[in-house]
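Student: Below is the structure I would like to discuss, written out as structure tokens.
The values are calculated or read from the model by the stated rules, or taken from the named source; none is laboratory data. The structure displayed is predicted, hence computed values, not measured ones. Neighbour counts are summed over all protein chains in view; Cβ atoms, including those assigned to glycine, are modelled from backbone coordinates with ideal geometry.
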Amino acid sequence: MPRRRKRDLLIKGFSKLLKEDKLKIVAQLMDKQVESMELMKSFWHSDHSVQKIFDEFSENTISNFYIPYGVAPNVVVNGEAHLVPLVIEESSVVAAASSSAKFWSEHGGFHSVVVDVVKIGQIHFIWSGKKEKLLSVFDDLKTTFRVATKHITENMEKRGGGILGFELVDMTGRMEDYYQIKVSFNTVDSMGANFINSCLEEFAVELKSFFQIHPIFTGKEKECMVIMSILSNYTPDCLVKTWVECNIKELNGLDNELTGEQFARKFQMAVKIAELDEYRATTHNKGIFNGIDAVAIATGNDFRAIEAAGHTYASRTGKYKSLSTVEIKDGQFKFLLEVPLAMGTVGGLTNLHPLAKKSLEMLGNPSAQKLMMIAASVGLANNFAAVRSLVTKGIQIGHMKMHLFNILNHFHATEEEKKKAEEYFIGHKISFAEVTEYMNKLRQC
Ligand code: MEV
């Protein structure tokens, strides 16, 4: 088949085509079409029933995209040791989390508390009435809402969750006639997005008829335009705090050139810089999400929602800052992370993805709160490892070693070749060109 040109790319009814036919169209954009199709198909799962599960997660699937699934051992949270599953493509993240976890497992482990687990949904509506008038019948409206969603909330209530409260928010100062009803929920062990959105859409229907039916409203007050009803991914009250602490003397030996005290002070300054400067804060927080996202993906959680909440939380004072802080007091070093984490351990992908299920089993089928504490601890572990490297030997030594293995894999290096290359490159600069030259020479010998 000839290669497709850009102007041929508008396709009607693509979603209705068979997977094989979709793949054929896509392969027309690639070099070596037959080989490309075969390569894409080689990533299909050999068990059709498993492949079907993956195909049904999304739309227009043509293959599966593999990401390494690793494990960080020795993650001690509140005295309990875990092997934590991490799904991530970045080479050094699992190694960094593991080395930090090991260090802290010998220094008291991670301490963690869930501050609260409140999630928020909003109905955004346009209504040309006075807030006080709506507030005077707000209890009636709340009852209407609760009755209308009883069929949805009953089960959640049995599990200890449900609707926590309603708040009328007057936004008319920011946009004419704009109000919100802000609803708070406890979704217990589920992430709760479907539950919250289902409730909100019912509330929206009820809200419109409430204005029409209630005798207190007259004229234009009877009309309400619901703009949208949706959960908020900003969950500042679904919050976890995790910290490590030790006597600064216990930090002796973390670097050959710094005493424990010097290390602690330099580390503290590095974290302070991430509080002062948003360029550094963004990278600093990215290092935290290296760990958190990897746990989220491994356990079938929505890492985009978690990241979005985290970054908004990092800006809550009006300035984007580091999510972690350091305190040195009376000879004690304390490194603390405070982050909103809306995670679930039941429902959604957590039950559907066969590996997410196994990840949760590996963690002892934790509650959502426990998973929040584990994920935050891994985030802090990665943050500690990154800042530790940055203030001592730099991150490139570790990164380049992983990079070396990636390049060697590119050359299909044997185990013996890898061993020789690893020794050689201890004292030599690692780059693709250097490794290519080395491999050529090695293979000529
Ligand atoms: C790389 O993925 C993450 C780091 O850049 C984080 C940091 O700089 O703190 C190492």
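Student: Which pairs turn up if I take residues in the stretch 288-308 that are free of Cβ contacts under 8 Å to residues at least 60 places away in the same chain and of a type in the set (Asp, Glu) and look for partners that are assigned to a helix (DSSP H, G or I) and surrounded by fewer than 24 Cβ atoms within 10 Å (Cβ to Cβ) with beta carbon separation below 7 Å, at least 6 apart in sequence or on another chain?
Tutor: Within 7 Å, the pairs are Glu307/Phe289.
Student: Count, please, the residues in the stretch 27-59 that happen to be under 30 Å from Thr350 (Cβ atoms) and either in contact with a helix residue (DSSP H, G or I) (Cβ under 9 Å, 6 or more places away or on another chain) or surrounded by 14 or more Cβ atoms within 10 Å (Cβ to Cβ) (or both).
Tutor: In the first step, residues of the stretch 27-59 are kept if they are under 30 Å from Thr350 (Cβ atoms); the result is 40-59.
Imposing the further condition that a residue be either in contact with a helix residue (DSSP H, G or I) (Cβ under 9 Å, 6 or more places away or on another chain) or surrounded by 14 or more Cβ atoms within 10 Å (Cβ to Cβ) (or both) reduces the set to 40-41, 44-45, 50-51, 53-57, 59.
Result for the stretch 27-59: 12.
Student: A follow-up question, please. Tell me yes or no: at least one residue of the stretch 213-226 is outside the structural domain of Leu341 (by TED's automatic domain parsing), touching a Leu at 6+ places or on another chain (Cβ under 8 Å), more than 16 Å from the ligand (Cβ to nearest atom) and not in a loop (DSSP other than H, G, I, E, B).
Tutor: Step one: of the stretch 213-226, the residues outside the structural domain of Leu341 (by TED's automatic domain parsing) are 213-226.
Subsequent filtering for residues that are touching a Leu at 6+ places or on another chain (Cβ under 8 Å) retains 224, 226.
Filter once more, so that each one left must be more than 16 Å from the ligand (Cβ to nearest atom): 224, 226.
Imposing the further condition that a residue be not in a loop (DSSP other than H, G, I, E, B) reduces the set to 226.
Yes; the residues of the stretch 213-226 include at least one that is outside the structural domain of Leu341 (by TED's automatic domain parsing), touching a Leu at 6+ places or on another chain (Cβ under 8 Å), more than 16 Å from the ligand (Cβ to nearest atom) and not in a loop (DSSP other than H, G, I, E, B).
Student: Another question, if that's okay. Please tell me if Glu90 is closer than 27 Å to Asn409 by Cβ, in contact (Cβ under 8 Å) with a residue 24 or more places away in the chain, of a type in the set (D, E, K, R) and out of contact with any strand residue (DSSP E or B) (no Cβ under 6 Å at 6 or more places or on another chain).
Tutor: Values: closer than 27 Å to Asn409 by Cβ: yes; in contact (Cβ under 8 Å) with a residue 24 or more places away in the chain: yes; of a type in the set (D, E, K, R): yes; out of contact with any strand residue (DSSP E or B) (no Cβ under 6 Å at 6 or more places or on another chain): yes.
Yes, satisfied.
Student: Further question: With the requirement that a residue be in a strand (DSSP E or B) and either within 12 Å of the ligand (Cβ to nearest atom) or farther than 14 Å from Ser359 by Cβ (or both), what does the stretch 72-108 give you? Show your work before the answer.
Tutor: Kept after step one, since they are in a strand (DSSP E or B), are these residues of the stretch 72-108: 72-77, 80-87.
Those that are in a strand (DSSP E or B) and either within 12 Å of the ligand (Cβ to nearest atom) or farther than 14 Å from Ser359 by Cβ (or both): Pro73, Asn74, Val76, Val77, Glu80, Ala81.
Student: For the stretch 383-418, how many residues are assigned to a loop (DSSP other than H, G, I, E, B), touching a residue at least 24 places away in the same chain (Cβ under 8 Å) and more than 10 Å from the ligand (Cβ to nearest atom)?
Tutor: First, the residues of the stretch 383-418 that are assigned to a loop (DSSP other than H, G, I, E, B): 392-395, 411-414.
Then drop every residue that is not touching a residue at least 24 places away in the same chain (Cβ under 8 Å), which leaves 392-393, 395, 411, 413.
Okay, now just the ones that are also more than 10 Å from the ligand (Cβ to nearest atom), so 392-393, 411, 413.
Within the stretch 383-418, residues that are assigned to a loop (DSSP other than H, G, I, E, B), touching a residue at least 24 places away in the same chain (Cβ under 8 Å) and more than 10 Å from the ligand (Cβ to nearest atom) number 4.
Student: Taking the stated definitions as given, is Ile292 of a type outside the set (Phe, Trp, Tyr), away from the ligand (no atom under 16 Å from the Cβ) and either at positive phi or assigned to a helix (DSSP H, G or I) (or both)? Before the answer, list the steps.
Tutor: On the way: of a type outside the set (Phe, Trp, Tyr): yes; away from the ligand (no atom under 16 Å from the Cβ): no; either at positive phi or assigned to a helix (DSSP H, G or I) (or both): yes.
So Ile292 does not fit the description; no.
Student: In addition: Regarding Lys266, is this residue surrounded by fewer than 21 Cβ atoms within 10 Å (Cβ to Cβ), assigned to a helix (DSSP H, G or I), of a type outside the set (S, T, N, Q) and touching a strand residue (DSSP E or B) at 6+ places or on another chain (Cβ under 8 Å)? Spell out the reasoning first.
Tutor: Working: surrounded by fewer than 21 Cβ atoms within 10 Å (Cβ to Cβ): yes; assigned to a helix (DSSP H, G or I): yes; of a type outside the set (S, T, N, Q): yes; touching a strand residue (DSSP E or B) at 6+ places or on another chain (Cβ under 8 Å): no.
Considered against the rule, which asks whether it is surrounded by fewer than 21 Cβ atoms within 10 Å (Cβ to Cβ), assigned to a helix (DSSP H, G or I), of a type outside the set (S, T, N, Q) and touching a strand residue (DSSP E or B) at 6+ places or on another chain (Cβ under 8 Å), Lys266 comes out as no.
Student: A further question follows. Which one of the conditions (1) free of Cβ contacts under 8 Å to residues at least 60 places away in the same chain; (2) away from the ligand (no atom under 16 Å from the Cβ); (3) not in a strand (DSSP E or B) does Ile53 fail to meet, given that it meets all the rest?
Tutor: (1)
Student: Output the residues belonging to the stretch 353-376 that are among the aliphatic types (A, V, I, L, M) and assigned to a helix (DSSP H, G or I). Give the derivation first.
Tutor: The first filter runs over the stretch 353-376 and keeps only residues among the aliphatic types (A, V, I, L, M), leaving 355-356, 360, 362-363, 368, 371-376.
Across the stretch 353-376, the qualifying residues are Leu355, Ala356, Leu360, Met362, Ala368, Leu371, Met372, Met373, Ile374, Ala375, Ala376.
Student: Which is in contact with a His (Cβ under 8 Å, 6 or more places away or on another chain) and either away from the ligand (no atom under 13 Å from the Cβ) or not assigned by TED's automatic domain parsing to the domain that holds Ala386 (or both), of Gly300, Gly318?
Tutor: Numbers: Gly318 fails: in contact with a His (Cβ under 8 Å, 6 or more places away or on another chain).
Residue meeting the stated conditions: Gly300.
Student: I'd like to verify a number: residues in the stretch 71-90 that are over 27 Å from Asp237 (Cα atoms) and surrounded by 17 or more Cβ atoms within 10 Å (Cβ to Cβ), how many?
Tutor: Matching residues across the stretch 71-90 total 3.
Student: Still on this model: From the list Gly427, Gly379, Gly364, pick out the single residue that is more than 16 Å from the ligand (Cβ to nearest atom), among the small types (Gly, Ala, Ser) and modelled with pLDDT of 95 or more.
Tutor: Numbers: Gly427 fails: modelled with pLDDT of 95 or more; Gly379 fails: more than 16 Å from the ligand (Cβ to nearest atom).
Checking each option against the conditions leaves just Gly364.
Student: Let me ask you something else. Inspect the stretch 337-348 for any residue being in contact (Cβ under 8 Å) with a residue 12 or more places away in the chain and at positive phi and give the result as yes or no. Walk me through it before giving the result.
Tutor: So in the stretch 337-348, the residues in contact (Cβ under 8 Å) with a residue 12 or more places away in the chain come out as 337-348.
With the extra rule that they be at positive phi, the set shrinks to 347-348.
Scanning the stretch 337-348 turns up at least one residue that is in contact (Cβ under 8 Å) with a residue 12 or more places away in the chain and at positive phi.
Student: Further question: Given the residues Gly162, Gly173, which is the only one that is at positive phi, outside the structural domain of Met343 (by TED's automatic domain parsing) and out of contact with any strand residue (DSSP E or B) (no Cβ under 6 Å at 6 or more places or on another chain)?
Tutor: Numbers: Gly173 fails: at positive phi.
The unique qualifying residue is Gly162.
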